[in-house]
Amino acid sequence: MSDTFDGPRVRSDSTSTTTSTSSRVILRQRLAQLLVCLEDLSSDDEANEEVSRTLDEAFYLCGKYTNRESFRLHMVTWNVGTAEPPADVRSLLQLDPQPATDLYVIGLQEVNATPVRYITDLISEDSWSHLLMDTLAPMGYIKVTSVRMQGLLLIIFAKQVHLPFIRDIQSTYTRTGLFGYWGNKGGVSVRFSFYGHMLCFLNCHLAAHMNYALQRMDEFDYILDRQDFDMYNTPRVLEHKVVFWFGDLNFRIADHGMHFLRSSINNGRFNLLWNKDQLTMMKKKEPILQEFEEGPLCFKPTYKFDRFSETYDTSGKKRKPAWTDRILWRIKPKAIETEDENSSTSSSVDDEYPIKVTQDMYTCDVSYGVSDHKPVIAIFNLEMRKKLETPLVTLTVEGHWSADEDATFTYTILENFESSTWDWIGLYKIGFKSASDYSTFAWVKDDEVAANGEVVTVQVSNNELPLLAGEYVLGYYSTNMQTLVAFSPTFQILESQQAVMEGLVPENINGHEK
């Protein structure tokens, strides 16, 4: 990988600098009061009460800015030019970082969408999704969800430990091709709550060609206007706490001639091109773009290359290089004080649970050549306090499990949620790819939804259990929430006698294989 941005990290915050400074001043004042109280401390009950109260306030304020955790987000956008995936995407996903990645968000454009291929992909996963799942599942990443609109694909993976706290998942799409009737251009999005923080990811493919910068802006406005979610608190894209906007946005480098462009790129003087980058120019006059942030473009323009090379277009068209493929983000601005009670409550909650977004990397990987675009990678740290720390359900495995006898487990609903008699509990072998990748499953209580705190016992027939030994978990799938909301601890399924009898494993006698 080359052209990596390793400069100062770009940080944005859901709380303003003024708010943060003000809180630190208040904290210092409370601690100063504490010192005065300690100097005057006597057996007086009122003095002791003052010390106790001031300590509580000081530790509360400290707690607002401590007890925060960082989550690593790895994002990729790539116009794959209808190509089949390469044999290996490990370097694209950077699978061995420290600390490990928590979320992968991959947005593709121009996935092969011929009619026959598209219908086939709807029945079974497309080739790109298959490759990504096959690569990430052995590393402990599970597909959370995906959305597809013709050639646009957005797919999200998470570590298993995070899945119970990824809730309220919804996706949508907006066509902009042929006046909104064709999906070759447009946007697909996924939104969800991550430990109680509302995130939205919007993957776009906007109008091409140099002279259509204003049309690209119109399409972006149209997508924002048309996309809505069935959520009372975040029905629109821009109402989420953090929005990531990315894709083949198709903005070009204006005015500069081909010779100057290529000379600047070859000499690594990318800064000479920034002031003519159409997206950078549009940000100066479009208020909505001014709310979005982007790291410096310290990597080669990602379009247009000869396939399987690092050489810019040598065809008769000789397209000018451009940063068409981008990743931007937006922190929801602090709400303006209003008399509306709901707005005030929402604002105070956001103030108490701020989120920081820090970009650690923004680069392209020129080693991939299946497309005339190079993939763009951005790595972020999301720093936040968790609003949620308890799963909705607990699952407990009873006794030893093997296919020689029926097995038992219990589940308990811990919190109110929209559970259903269509919910089910799956048995998953460690390394599973998605919620549908179960070995077997059992419906939850058939006749009625379990009450909170009720311990429900479920039996699994031995005929449904795997014959060979392995490590497994149970996962509770919520039909209404369309996600796995809880897991059991990992447990071992023992090798069955039937497996030995069927010759699947050699029989072991007195420590020796027969």
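The values are calculated or read from the model by the stated rules, or taken from the named source; none is laboratory data. Source: prediction; values computed, not measured. Heads up, the Cβs are rebuilt from the backbone with ideal geometry, glycines too, and the neighbour counts pull from every protein chain shown. The accessibility values were calculated without ligands, DNA or RNA, using every heavy atom of the protein model including side chains. Shrake-Rupley method; radii C 1.70, N 1.55, O 1.52, S 1.80 Å.
Some values worked out for this structure:
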quantity: Residues of segment 422-461 that turn out to be closer than 21 Å to D404 by Cβ, open to solvent by 40 Å² or more (accessible area, probe 1.4 Å) and among the polar types (S, T, N, Q), as a count; calculated: 4
quantity: Test set (1) assigned to a strand (DSSP E or B); (2) touching a residue at least 40 places away in the same chain (Cβ under 8 Å) - A435 fails condition number; calculated: (1)
quantity: Residue in segment 68-111 that is farthest from the chain's Cα centre (by Cα), counting only those that are among the polar types (S, T, N, Q) and at positive phi; calculated: T82
quantity: Lone unmet requirement of (1) among the hydroxyl-bearing types (S, T, Y); (2) open to solvent by less than 40 Å² (accessible area, probe 1.4 Å); (3) modelled with pLDDT of 95 or more for S347; calculated: (3)
quantity: Yes/no for V76 being under 25 Å from T358 (Cβ atoms), open to solvent by less than 20 Å² (accessible area, probe 1.4 Å) and in contact with a Phe, Trp or Tyr (Cβ under 6 Å, 6 or more places away or on another chain); calculated: no
quantity: Selection from segment 362-402 of residues that are closer than 30 Å to L465 by Cα and in contact (Cβ under 8 Å) with a residue 60 or more places away in the chain; calculated: P391, L392, V393, T394, L395, T396, V397, H400, W401, S402
quantity: Meets criteria (farther than 30 Å from R226 by Cβ and not aliphatic (A, V, I, L, M)) for K143; calculated: no
quantity: Candidate set from segment 395-414 (those that are β-branched (V, I, T) and in contact with a Ser or Thr (Cβ under 6 Å, 6 or more places away or on another chain)); member that is nearest to Q492 (Cα to Cα); calculated: V397
quantity: Subset of segment 96-108 [at pLDDT 85 or above, out of contact with any Gly (no Cβ under 6 Å at 6 or more places or on another chain) and either part of a loop (DSSP other than H, G, I, E, B) or under 16 Å from N184 (Cα atoms) (or both)]; calculated: P99, A100, T101, D102, L108
quantity: Flag for E507 being open to solvent by 70 Å² or more (accessible area, probe 1.4 Å) and at pLDDT 90 or above; calculated: no
quantity: Count - residues of segment 218-227 that are touching a Leu at 6+ places or on another chain (Cβ under 8 Å) and in a helix (DSSP H, G or I); calculated: 4
quantity: Those residues of segment 383-410 which are outside any strand (DSSP E or B) and among the hydroxyl-bearing types (S, T, Y), in sequence order; calculated: T390
quantity: Lone unmet requirement of (1) at pLDDT 90 or above; (2) open to solvent by less than 30 Å² (accessible area, probe 1.4 Å) for Y477; calculated: (2)
quantity: Extreme residue, least open to solvent (accessible area, probe 1.4 Å), among residues of segment 119-168 that are at pLDDT below 95 and of a type in the set (V, I, T); calculated: T120
